[in-house]
Each structure stands twice: as structure tokens, then as C-alpha cells.
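Student: First the structure, then my questions, so here it is.
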Amino acid sequence: MKYLLPLLFLSITTFAQDKAEKRLLRKADKIHARAYTVDTHADAPINMLEMEGFDVGQKHNYAEDGTQIDFPRMKEGGMDAMFFAVYLGQGKRTPEANVEAKEKALKIFTKIHEAVKNNADKVSLVTTAKEGFAAHKQGKLGVFIGMENGWPVGTDLNNLKIYYDLGLRYITLAHSFNNDLSDSSGDPNGAEHGGLSKLGEACVAEMNRLGIMVDVSHLSDSAFYDVMRVSKVPVIASHSSCRALCDVKRNMTDDMIKLLASKGGVIHINFVADFLKKPSAEVAVSIKTIRMQVQKADATPEDKKRLNAELRQVKYKYPEDMPTVKDVVNHIDHVVKLVGVDHVGIGMDMDGGSDVIGIEDVSKIKNVTIELLRRGYSVKDIRKIWGENTMRVLAESEKFAKK
């Protein structure tokens, strides 16, 4: 009898836990059925352009090909809209190279438009908060467009209107290296402009005029503060996390988050492993070395595929260095405690480095919602985190541009 009682208690406890988990899942399903969920940074176009035979309209398997985004998996996960990134790794800054960067960017725009057209029965290209909500009501997925790295702008700000007309609604001013607009947080040579260049300041003003959101992810700290000084409308960090929890330059300090929030902006938590949870020194060096090779402008699709496979192997070789859903929500918690729930969103960086246990691809995003529910977040708060905060900033950018 003395052995049966512990077993009985364990059985009852397990049953209660399973029942509680099922209840949370049902609640998460209901939330995703009604809420408008938006992810602000998706690198699906990389696979669309560079991966032979990849069709974003067909369901793929992360375990087989390492891809994280396609339209069927978005639908399965309850992800209503994503900002597909027009991404280019920084190359040479010559007139000829700038022309080539523009040509490459236009090809990415074309590929995104083609993907939407080929799936028009279930996907819409959306450019405003109103269009996004309307597509959701129609049961369609939404594709917004962002640009990661302002290199394709070059030194000609007239390019901004060209990209805007193609659907562009935010620009990450720099990526891992400095460019003509801004200093990057990742450039090994350090600052070049001391923040934004004069051209960068003019670029921010023109983006405000057009209704293109300014994205401060990847920027140096000085460039961030310059943006906050120059921009007349709230800005976003499309895929950044909290430096207080993971001390890397790509993340934002508490002071930066407070200033961003004080001006109405939103920080979107990034799901890249080493921006959520600082890895051991050995793993950090390996990851940085591989990532710098991936981001080289002359890296071929074959190089990137090989290097990304190496990156996954490094991470999974050291499971204790891998973040979980709890680490993601720890960063959300930190922002909420610091500045309130109106200033945090989600920018997972899937197909561009996102690597969280429990959210291997876009079909698993409800695990974030379940963890938020576990921690006592209300349905109203979860709706804000998953998209309403982002749409508010986009709507404010639209409103300013119409003046």
C-alpha cells in the first residue's frame, strides 16, 4: 500500500498537468483564430531565390530541409502575416556596386510579388494596417515587405519611392557592416559616421514623408540615438532582443528600449539563439565565424547552404546553449516590466537564423502564446504582442505621410 500511494499521486498529478496543458492549447487556438498575428522579420525570400525547387506555396519539413516558413505552415501555426525581407549582405559601396544592389533588390521584390500572385486564392500582398486586417477577415494570409540593409538605397533617395511603390513598408538602415546611411553594431572596423551619416538623416526624413517605418535593428547605439532624434514618427526594432538578458551589441539596452517606447515605438523580440541566451565562449566564436561568412556579399547559395548546416550542427552539438520558448518570453517579460505591453512585438528572423527549441518553424508559434498564458498574460495583451502594436506604428507612419 505504501508503494501504491505515491504512484497514485503521480498518476493524478500527471493527469491534471495534461488536462491543464490541453486547456491552454484550446485557449491558444481560440486566440489565434481571432487575433491578427504579425511577424516583422521573415527571411523566406532567401529560400525562394536560392533554394532549388523551393515553393513557398507548398508545405516543407524543417527536419528534412531546414526551412522554417511557407504558406501552409503559416496557416497551420496561426500566423496571419509576415514581413518578407528584401535582404542583401553588404557589398562594396561604389556607384557600380550600388546599381547592382538595386538590381538584386528589385529581383527579390519581383520574387515576392510572384509568390503572392501564384497563391492569390490564399495570400494577399498588404501594405497598410487596414489592408492587413481586411485580408485576415477574408481568411487570407498577408505578406508585408521590409528591407534588411539600406544598401540598395545607395546614395539616391529617389530609390525610396520606387521601393515604396513596390510595397516596401520598413527599412533596416544597416546590416552587419556600415553603409552610406548608418553605422552597424556589427562592423569589425567600428564606427565610420559616428551614428547616422548626413545622407542617413535625410533618408529617415524621406522615409517619414513616404510612410516607410524606420527599423533600428542592427544599428550601432549612436545610430539608434540619431534615429530617435531625427524621426518624426515612432520607429521599430524589427528583430532585436534585450541586452540586459543577453549582453550582445545586436540587442537593445534598457535605456534604448525606454527611449523607443517613450516615442511610441516597438521592439520585436528576435529568436536567434545567441541573441536570446548568451552561448559559451567556444560556441560564440564558432557561431560568429560562420555567420560572418554567410553574410559576405559574394557568398554563393551553395556556400550559404553549407554554412547554415554547419551553424545548426554547432548549436545542436551544445544543447545547453540553445534557448527555449521560456527564454523568448523572458525577453518579452523584460520589456513589459520595463515599458509596458504596448511596446513589444515579435520578429522571429526565421530562415535567417531563428533557432529556438519548441519553435522550430512557423507552425509552432502557438507555443509562445501558451507560455504567455502560463505567465498570466491576458488575451488583450497577447493580441497586442502578436500584432496590434506593430499595426499601430504602421498606421501612425501612414497617418504622418498623409499630412
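Student: So which of Lys27/Lys140; Lys304/Lys337; Lys161/Lys278; Lys104/Lys366 end up more than 30 Å apart, counting from Cα to Cα? Please report the intermediate quantities before stating the final value.
Tutor: Details: Lys27/Lys140 22 Å; Lys304/Lys337 38 Å; Lys161/Lys278 39 Å; Lys104/Lys366 35 Å.
Violating the 30 Å limit, Cα to Cα: Lys304/Lys337; Lys161/Lys278; Lys104/Lys366.
Student: Another question, if that's okay. How much of the accessible area of the chain, in percent, comes from carbon and sulfur atoms when a 1.4 Å probe is used?
Tutor: Reported share for carbon and sulfur atoms: 54 percent.
Student: Peptides 18-25, 54-61, 120-127: what's the order by average Cβ count within 10 Å, highest mean first?
Tutor: 120-127, 54-61, 18-25
Student: Could I ask something else about it? Please state the equivalent ellipsoid semi-axes for the chain: what are the square roots of 5 times the Cα gyration tensor eigenvalues, largest first, in whole Å? Show your work: numbers first, answer last.
Tutor: Numbers: eigenvalues 230, 109, 98 Å².
Equivalent ellipsoid semi-axes, largest first: 34, 23, 22 Å.
Student: Taking the chain as a Gaussian network, Cα atoms linked when under 10 Å apart, which of Tyr163, Tyr318, Tyr377 shows the biggest mean-square fluctuation?
Tutor: Highest fluctuation among the options: Tyr318.
Student: Something else: Take the alpha carbon gyration tensor of the stretch 165-208, find the square roots of its eigenvalues, order them as a ≥ b ≥ c, and report rounded if a/c is under 1.5; if not, report prolate when a/b exceeds b/c, else oblate.
Tutor: Numbers: a/c = 3.55, a/b = 1.67, b/c = 2.12.
Oblate, because a/c is 1.5 or more while a/b does not exceed b/c.
Student: Same structure again: Compute the angle between helix 389-402 and the longest alpha-carbon principal axis of the chain, please, reported from 0 to 90 degrees and rounded to the nearest 10.
Tutor: 20 degrees
Student: Taking Cα pairs under 8 Å and at least six residues apart, what relative contact order does the stretch 33-131 come out at, in percent?
Tutor: Numbers: 91 pairs, mean separation 30.5, N = 99.
Taking the mean separation of contacting Cα pairs over the length of the stretch 33-131, I get 31 percent.
Student: Show that you can apply the helix-only estimate: for the chain, add -39,500 (n - 2.57) for every DSSP H stretch of four or more residues, divide by all residues, and state [θ] at 222 nm to the nearest 500. All intermediate terms of the calculation are to be shown ahead of the outcome.
Tutor: Details: 17 runs with 199 residues, N = 403.
Taking each H run of at least 4 residues, the total per residue is -15000 deg cm²/dmol.
Student: Using mean Cβ contacts within 10 Å as the protection proxy, how do 137-146, 232-241 order, highest first? Write out the running numbers ahead of the final one.
Tutor: Details: 137-146: 19.7, 232-241: 26.4.
Answer by packing, highest mean first, reads 232-241, 137-146.
Student: Okay, next question. Add +1 for every Lys or Arg and -1 for every Asp or Glu among the other residues with Cβ under 12 Å from the Cβ of Asn98, and state the total. Intermediate values should be presented prior to the final figure.
Tutor: On the way: positive: Lys92, Arg93, Lys102, Lys104; negative: Glu96, Glu100, Glu103, Asp156, Asp180.
Cβ neighbours under 12 Å give a net charge of -1.
Student: If a/c stays under 1.5 just call it rounded; otherwise compare a/b with b/c (prolate if a/b is bigger, oblate if not). Do that for the stretch 187-275, with a ≥ b ≥ c from the square roots of the Cα gyration tensor eigenvalues. Can you show the working numbers first?
Tutor: Numbers: a/c = 1.92, a/b = 1.31, b/c = 1.46.
Cα axes put the stretch 187-275 in the oblate bin.
Student: In the chain, what percentage of the DSSP-assigned beta bridges are antiparallel, given to the nearest 5? Write down the numbers at each step before the final one.
Tutor: Numbers: 3 of 31 bridges.
Antiparallel: roughly 10 percent of the beta bridges in the chain.
Student: For the chain, what is the relative contact order in percent, using Cα pairs closer than 8 Å and at least 6 residues apart in sequence? Numbers along the way, then the final one.
Tutor: Details: 766 pairs, mean separation 79.5, N = 403.
Here the relative contact order equals 20 percent.
Student: Quick one: helix 301-317 against the long Cα principal axis of the chain, what's the angle to the nearest 10°, folded into 0 to 90?
Tutor: 40 degrees
Student: Still on this model: Hey, which aspartates and glutamates would be in cross-link range of Lys75, C-alpha to C-alpha under 16 Å, not counting anything within fewer than 8 residues on its own chain?
Tutor: Excluding near neighbours in sequence, the set is Asp29, Asp39, Asp55, Asp121, Glu360, Asp361.
Student: How much accessible area per residue does the chain have, in Å², with a 1.4 Å probe?
Tutor: Numbers: 17660 Å² over 403 residues.
Counting only protein heavy atoms, the per-residue value for the chain is 44 Å².
Student: What are the equivalent ellipsoid semi-axes of the stretch 303-403, built from the alpha-carbon gyration tensor (square roots of five times its eigenvalues), in whole angstrom, biggest first? If you can, show how the numbers build up before the last one.
Tutor: Values: eigenvalues 171, 77, 24 Å².
The answer is 29, 20, 11 Å, longest axis first.
Student: What is the local net charge at Arg169, summed over the other residues whose Cβ is closer than 15 Å to its Cβ (Lys, Arg +1; Asp, Glu -1)? Please report the intermediate quantities before stating the final value.
Tutor: Values: positive: Lys130, Lys161, Arg209, Arg392, Lys399, Lys402; negative: Asp39, Glu131, Glu148, Asp165, Glu206, Asp215, Glu396, Glu398.
Around Arg169, the surrounding residues sum to -2.
Student: What whole-number distance in Å separates the alpha-carbon centres of the stretch 44-82 and the stretch 150-171?
Tutor: 26 Å
Student: What order do you get for 354-360, 156-162 when each peptide is scored by the mean count of other beta carbon atoms within 10 Å, highest first? Write down the numbers at each step before the final one.
Tutor: Values: 354-360: 20.3, 156-162: 15.4.
Taking the mean over residues of other Cβ atoms within 10 Å, the ranking is 354-360, 156-162.
Student: To continue, here is another question. Summing Lys, Arg as +1 and Asp, Glu as -1, what charge do residues with Cβ under 10 Å from the Cβ of Ser363 carry, Ser363 excluded?
Tutor: Working: positive: Lys59, Arg73, Lys75, Lys364, Lys366; negative: Asp70, Glu76, Glu360, Asp361.
Spelling it out: positives minus negatives among the neighbours equals +1.
The values are calculated or read from the model by the stated rules, or taken from the named source; none is laboratory data. What you see is a predicted model, and the numbers here were worked out from it, not measured in a lab. In this analysis, Cβ positions are derived from the backbone assuming ideal geometry, glycine residues included, and neighbour counts consider all displayed protein chains. Quick note on the areas: whole protein, heavy atoms, side chains included, nothing else; ligands and nucleic acids left out. Shrake-Rupley method; radii C 1.70, N 1.55, O 1.52, S 1.80 Å.
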